[in-house]
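Enquirer: Take this structure, written in structure tokens, and hold onto it; I'll ask about it next.
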């Protein structure tokens, strides 16, 4: 059975710890490989999202940032589930209480946010401020700032990819892409079909982040060079706007990914995915396929129910 066009980009996913999360408009499923080798699959409906509650926000150039917030919340939930699978099924790991887990997740998120601000905003500013003494103008320095942000991002991704644990996550990332590509290109969700596909995908978060960084170079370049205590908060405030614009660009490019302009827009992100994905093993592809099969069954079941006419009432 071939996939219809709308199905091509209704499905997405994320690599988690020893597994993959796949989502559709109404459901998500997480498949994880347990320490004993078995696959566990957990699926449930997606809780009402921000855009689900506030439909008036579901507009181009506005919906992107809220979709990102919803995706982040689902991603954190999926990572928590996958970590619990490993902890509960490994006798050498002591279980941790839920409050401690939540504190640890919150501290990690805050720490990551602080590191991100330093690496992508404070550090480039410190490295380029001295250029003013050499006669460089604000536009040139801001452009160099943007180039440094991209360089830092690529170096960071490349270095963490050398860690064995992160490398496995990147392999599951590749498996997620292969499974989605199998559905989109062949209308089939199977290990054999996924194995034939590329590990790159245009709607990847890597492509999104890189395109945000590229667009921000041109936006920030012409905002002058106010003091850092003004410039950094101003740039942070503009990021949601840039992210929303980027979401629409990737959304359209993903729909028309065969076109020349779409290929040009998507090319940098696809190249960067060689850093954030690795070729997965068949065992890892099997996990991604299990998650996609489950969420597709649930989604199509809902559609089938909706398409079935109600029985005529008895006279």
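Readers should treat all values here as calculations from the given coordinates under stated rules, not as data from a laboratory. Please read all numbers here as calculations on a predicted model, not as lab measurements. Every residue, glycine among them, receives a Cβ derived from its backbone with ideal geometry; neighbour counts consider all protein chains shown.
Enquirer: For region 5-304, with equal point scatterers placed on the C-alpha atoms only and solvent neglected, what are the log10 I(q)/I(0) values from the Debye formula at q = 0.06, 0.08, 0.13, 0.14 1/Å, to two decimals?
Expert: Relative scattering, expressed as log10 I(q)/I(0), comes to -0.22, -0.39, -1.01, -1.15.
Enquirer: Order of 18, 186, 134 from fewest to most other C-beta atoms within 10 Å?
Expert: Working: 18 21, 186 16, 134 7.
Arranged by neighbour count, lowest to highest, 18, 186, 134 become 134, 186, 18.
Enquirer: Determine the distance separating the Cα centre of region 177-256 from the Cα centre of region 28-45; give it in Å without decimals.
Expert: 27 Å
Enquirer: Once you sort the root eigenvalues of the Cα gyration tensor of region 110-217 as a ≥ b ≥ c, which label holds: rounded (a/c under 1.5), prolate (a/b larger than b/c) or oblate (the other case)?
Expert: Numbers: a/c = 3.81, a/b = 2.35, b/c = 1.62.
Prolate is the answer for region 110-217, as a/c is 1.5 or above and a/b outweighs b/c.
Enquirer: Same structure again: Cα convex hull of region 201-275: how many Å³ per residue? Mind showing how you got there, number by number?
Expert: Details: hull volume 6.7 nm³, N = 75.
Taking the convex hull of the Cα positions in region 201-275, it is 89 Å³ per residue.
Enquirer: Sorting 264, 287 on the 10 Å Cβ count, fewest up front, what's the list? Numbers along the way, then the final one.
Expert: Numbers: 264 10, 287 28.
By the 10 Å Cβ count, ascending: 264, 287.
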